[in-house]
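Sending over a structure as structure tokens; questions will come in a sec.
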Amino acid sequence: MNQGTSEKVRKIAEEFFGTQNDPNQIPINQDSTDKLHLIHKDTIIFKFNEKGDPIAWIVVVPTSVDTMNKFLKKEITEKELLNIATEEKKFESLYLCAVFVLPEYRQRGYAKGLIKEAFEKIPNAKNASLYAWIYSKEGENLIKSMQNETGRKILFIKD
């Protein structure tokens, strides 16, 4: 993906998640992207339209079970989670960090498809504990739907 497209994706994601206003979230910037790719090349997966423009993406962070538990108990922030994950490089748990689909492409199964793709590409994802931080009603519905469809429990916290 070229630099212009990367910047466009970061701008859209920032508008939705508002990480600049929350020092506890993973910042949406090149440094975070680099850290994610140090853990595994497929921690960020994109879906493109027929013109080659990104229309949906997922960010996942493999962690240890210990890191997952600390995050779910709010003992560490999301930003700290990424820093720990970069150092530990464990694949015991999978944090479903962000799933975003442009509004005009929603309700087409792209979010579920990206989650399933992450399960295929990330080592041990099929056996890893799953967890998420839910920001929206759509996110909550997606988590419930994925649990029903896959039979896997997804632990989560909500804001």
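Since every read-out is calculated from the coordinates, none of them should be taken as a lab result. Quick caveat: nothing in here was measured; it's all calculated off a predicted structure. Because the Cβ atoms are built from the backbone with ideal geometry, glycine has one as well, and the counts that use them run over all protein chains shown.
Could you give the size of the charge dipole of the chain about its Cα centre, using +1 on the Cβ of each K and R and -1 on the Cβ of each D and E, expressed in debye and rounded to the nearest 20?
On the way: 24 positive and 23 negative charges, 99 e Å.
About 480 debye.
Distance from the Cα centre of the range 67-91 to that of the range 22-50, in angstrom?
That distance is 15 Å.
When only C-alpha pairs under 8 Å and at least 6 residues apart count, what is the relative contact order of the range 3-128, in percent? Mind showing how you got there, number by number?
On the way: 173 pairs, mean separation 32.6, N = 126.
Taking the mean separation of contacting Cα pairs over the length of the range 3-128, I get 26 percent.
Have a look at the chain and give its Rg and Dmax from the Cα atoms, expressed in angstrom.
When restricted to Cα atoms, the chain yields Rg and Dmax of 14.6, 43 Å.
Is any residue of the range 116-135 close enough, with backbone N under 17 Å, to a label point placed 7 angstrom from the Cα of GLU92 along the Cα-Cβ axis, and if so, which?
123-132
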